[in-house]
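Trainee: I have a structure I would like to understand better, so I am pasting it below and will then ask my questions one at a time.
Each value in this text was obtained by applying a stated rule to the coordinates, not by laboratory testing. From a predicted model like this one, the values you see are computed outputs, not experimental measurements. Heads up, the Cβs are rebuilt from the backbone with ideal geometry, glycines too, and the neighbour counts pull from every protein chain shown.
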Amino acid sequence: MLARLKLWWKLKTGQLDFPWEQDARFWVVSLVLHVILLLILSHSLLRLYEPQEMRLVAPLTEALDLTEQPLTIQFDEMRFEEMGEAETDDAAMAESQPQLVDDVNDVPVEINVPIVMESDLQFEAELLDPSADAMVRLPLKGTVGVAVTGATGAVDRITQEIIRSLDERKTTVVWLFDQSASMMSQRAEIRSRFDRIYRELQNLAAGGAEEFKKHGDEPLLTSVYAFGNSFTQMTAATADTDRLLAAIDRIERDDTGLEFVFSAVINVVNHYKSLRRINRLTNDRERNVMIVVVSDEAGEDIERIDEAVELCTRWQVPVYVIGVPAPFGREETMLRWVDPDPRYDQTPQWAPIRQGPESVMSELVKLDYADGDPSDVGSIDSGFGPFGLTRLAYESGGIYFTVHPNRRVGAAVRRSETENYTAHFRHFFDPEAMKPYQPDYVSHRTYMQQLGSNRCRMALVQAAQLSRVGSLEAPVLRFERFDEGQFVRTVSLAQRNAAILEPKLNQLYETLRVGEKSRADEISPRWQAGYDLAYGRVMAQKVRVESYNGMLALIKTRLTFKDPKNNTWTLVPADAIQTGSQMAAMAEKAKRLLQQVVEEHPGTPWAMLAQKELSTPLGWEWRESYTAPPEPPRENPGNNNPMMQANPQPTMNATPPPRRDPPRL
């Protein structure tokens, strides 16, 4: 049969070799083997994707008992003990079971589907660790720069977040209230809104709203804590609105001026993290946990920010902050303080309060203006909150609310208009315009690494640190020539003040000049605006000071009055630079950079400061005038005669109330 087949093949095709005698037999064998391999792999995949309900799992460890007694931790003792599950009896029994995996996964591996085989039950314990769940969840960043004029607006938005959380699963909300004296007014405002919101939520629950009904008993629980120099639980998690309101009312004022906010957040997460573990029976978490921080300061324990961020992101606990705007590029601003006790003087006082900066380090070179008005520099809204708390909200998927009752975009706010217990900000900016200028919410280590790889950024931050050395005083502009000796001494003193400023400005200039070549590679609008403003302002100030010094030398040696009757020289700003071509070229470069900031970054603090710098010419010119000599002092013998004195005004018998200095804020 085979011989006949071969003969037929040869007659039909004219080929001498039968295909089986060539390479075809090898292809046939390969095909058969691949088919067998595909069948084996298909069988394995079917086993891998069996329904999860068929897995053999162990029962879930008992959840945290939320009926613990109030607990206070003193932060100033530097013993930041974790309030974990071990603080309750039920949780203690849960923790007494052997730990199957470490809570911390230093090197998370990102995969699409967590595969668990029936034969691999020893890995089932990974479902207890939130890091395993995080591998299948895309990281969600929060929202920053949400500006409101009152805390009630922030509370309303947080209420929406609570309802949205309830739509997913049962929720525990933890409120952290700052105990500082400056928070008394805002805490009362939130307490009032708190009452209304929670009673509305109770009505929703009683009315059978879907978000509440589908979760059964206790879908929403709330706990209240207070923090300052210590950390105090005011009430355990409860659904009783009256208990929550009473807890807020019991918060005592803390005048230490210390706010350990990140330590408070860390303790809360450690306290409630058992609610965030995966239930191995349902492959779901028991409850959502939300933290709401109410504070008007940046926090004393910023060194714990990385720890707080890591815990909140690992256990997926979003942090919402009802906070304050940070002053642009500065740590401190001034708060309007009125003694809350009516027995004391009610005259407003101004006290420093730490509410910034908005970035890891200050990125603003601080220089006074030629008109001697520093208020614009010290009281500008950065558009964002203090860096630490804002980063915590951003990284954890929460929201940072910048609350200020005097927020008014497009018009200056006078100091006298500032509400009590509120920091003065003269200028605010549109949040939409500020969105592209969000600071880099990264760790201090990452921030420094980024600076090290970018000379432009490094130069700006270094210059910002240098500019804190001393202050640039307004120059003397009027010189009266009544007495030649006194005139020369006055001019020399003014020159000496300018000479003191020159090396400081030269140091700033040389520091920023190092980053000039790298500026073209910078793509961040925030860093572009920051560097161009700093470099332009430093060059403008350098031109002004050196030109000022040169112009003073002219009146000491070469200038004479055109009108012999005149006796006064007044130095006024002018566009022309009369102290050399090098200064003139630098002046043009400075104006070009500042104008670029105005045009490319409208509606931002950088543009406003650049425009203010441009409003004063960089050069100087002398103007002469006449000033009448001062009259000699006259003696008045009647001053010592009691009969010549005016009748004294009657005095009030009432003693004015005593005055107290503001507490440390």
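Trainee: So for the pair Glu210, Lys565, with labels modelled 7 Å out along Cα→Cβ, what separation do we get in nm?
Mentor: Rounded to a tenth, the inter-label distance reads 9.1 nm.
Trainee: Separate question: Evaluate the relative contact order of segment 453-564 (contact order divided by residue number), counting alpha-carbon pairs under 8 angstrom at least 6 apart; express in whole percent.
Mentor: Working: 73 pairs, mean separation 44.2, N = 112.
This gives 39 percent for segment 453-564.
Trainee: Over segment 302-343, one equal point on each Cα, no solvent: what is log10 I(q)/I(0) by the Debye formula at q = 0.17, 0.26, 0.33 Å⁻¹?
Mentor: Cα-only, vacuum Debye calculation for segment 302-343: -0.76, -0.99, -1.10.
Trainee: With label points built 7 Å along Cα→Cβ from the Cα atoms of Gln465 and Gln595, find their separation and express it in nm.
Mentor: Placing both labels 7 Å beyond Cα along the Cβ direction yields 3.5 nm.
Trainee: Still on this model: What does the extension gain come out to for Glu168 and Ser192, with contour length at 0.36 nm per residue minus their alpha carbon separation?
Mentor: Values: separation 24, 0.36 × 24 = 8.64 nm, distance 2.78 nm.
Value of the extension gain: 5.9 nm.
Trainee: Shifting gears a bit: Find the Cα radius of gyration of segment 454-625, compare it with 2.2 N^0.38 Å by division, and give the number to two decimals.
Mentor: 1.16
Trainee: Next question. Please list 478-485, 543-550, 570-577 highest first by mean number of surrounding beta-carbon atoms within 10 Å per residue. Working shown, then result.
Mentor: Working: 478-485: 13.1, 543-550: 22.8, 570-577: 15.4.
Packing order, densest peptide first, comes out as 543-550, 570-577, 478-485.
Trainee: On a full-extension model of 0.36 nm per residue, what is the gain between Asp242 and Gln582, subtracting their alpha-carbon distance, rounded to one decimal in nm?
Mentor: Computed gain between Asp242 and Gln582 is 115.1 nm.
Trainee: Right, another one. Taking the simple approach of a point 7 Å from Cα along Cα-to-Cβ for both Ala553 and Arg250, what is their distance in nm?
Mentor: 7.4 nm
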